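The values are calculated or read from the model by the stated rules, or taken from the named source; none is laboratory data. Note that the structure is predicted; figures quoted are calculated from it, not measured. Backbone-built Cβ (ideal geometry, glycine too); neighbour counts: all protein chains shown. These accessible areas exclude ligands, DNA and RNA; they are computed on the full protein's heavy atoms, side chains included. Shrake-Rupley method; radii C 1.70, N 1.55, O 1.52, S 1.80 Å.
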Amino acid sequence: HGFAGTTLERIAEMAGMTRGHVRHYVGNRDNLLTDAARVFYFGDEAMDASDLGTVVASSPLLAPEATLTDALDYLFGSFGEPGADNRSVTAFVDASHTIPAIREIIVHTYLSIQQLLDGVLQRLYQTANARRCHLLAYSLLTQAIGTTFLTDVDERLERLIDGRSAAEEMLAILGTPAGG
């Protein structure tokens, strides 16, 4: 039902509970959606709002030790595949316009991915300008996000292939990676 159609009544019905029980155990709809966003983005290690203010050092979606191939496989693979996860992301982005805690979770998540990409690029392209690596990390992430949103409305997986090819073309700007 999307963000607008998510009501405590619908949640209670799906859970086989009364609205009052849901409200008693989880609070209002915004609290429940925020908790759902935390679990969606961070899994069992859901962070609270105080954790999000810390330095962004890792991403719940991309491992800190990721290689460039790992990152591209993720960004133009499972990250962009159409399906329930991406519909959930779209709903959380919609919710972030009115629920600040969800906005913080989303911003934290995507800044984390950008910082990890930046680190991967700087390790791999050691002679490249740091600012160029930073901007390219931003470009790769925004390209993956755009590809993902387009794939949600046009499920042709060629979008992911084209997005990956474009990302690889952009990486050529940095020259030859260290060790190869």
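Some observations on this one:
- Within the range 103-119, the set of residues being open to solvent by less than 10 Å² (accessible area, probe 1.4 Å) and either of a type in the set (Gly, Ala, Ser) or without any contact (Cβ under 8 Å) to a residue 60 or more places away in the chain (or both) comprises Ser112, Ile113, Leu117.
- Residue check for Glu168: acidic (Asp, Glu) and in contact with a Leu (Cβ under 8 Å, 6 or more places away or on another chain): yes
- Candidate set: the range 84-102, residues that are in contact with an Asp or Glu (Cβ under 8 Å, 6 or more places away or on another chain) and at pLDDT below 90; chosen: the one most open to solvent (accessible area, probe 1.4 Å): Arg87
- Restricting attention to the range 7-45 and to residues that are open to solvent by 30 Å² or more (accessible area, probe 1.4 Å) and part of a loop (DSSP other than H, G, I, E, B), the residue that is nearest to Val107 (Cα to Cα) turns out to be Asn28.
- Qualifying residues in the range 156-180 (those that are aliphatic (A, V, I, L, M) and free of Cβ contacts under 8 Å to residues at least 60 places away in the same chain) - the one least open to solvent (accessible area, probe 1.4 Å): Leu174
- Extreme residue, farthest from Leu68 (Cα to Cα), among residues of the range 125-155 that are exposed (fewer than 14 other Cβ atoms within 10 Å of the Cβ) and of a type in the set (Val, Ile, Thr): Val153
- Condition check for Ile161: farther than 23 Å from Thr109 by Cβ, part of a helix (DSSP H, G or I) and out of contact with any Cys (no Cβ under 6 Å at 6 or more places or on another chain): yes
- For the range 73-83, filtering for residues that are open to solvent by 20 Å² or more (accessible area, probe 1.4 Å), outside any loop (DSSP other than H, G, I, E, B) and not acidic (Asp, Glu) leaves 1.
- Of the residues making up the range 55-72, those that are within 18 Å of Thr142 (Cα to Cα), at pLDDT below 80 and open to solvent by less than 20 Å² (accessible area, probe 1.4 Å) are Ser59, Leu62.
- Failed item in (1) of a type in the set (Asp, Glu); (2) within 19 Å of Arg38 (Cβ to Cβ); (3) touching a helix residue (DSSP H, G or I) at 6+ places or on another chain (Cβ under 7 Å), with Asp85 passing the rest: (3)
- Looking across the range 1-13, the residues that are at pLDDT 85 or above, within 22 Å of Val93 (Cβ to Cβ) and not basic (Lys, Arg) come down to Thr7, Leu8, Ile11.
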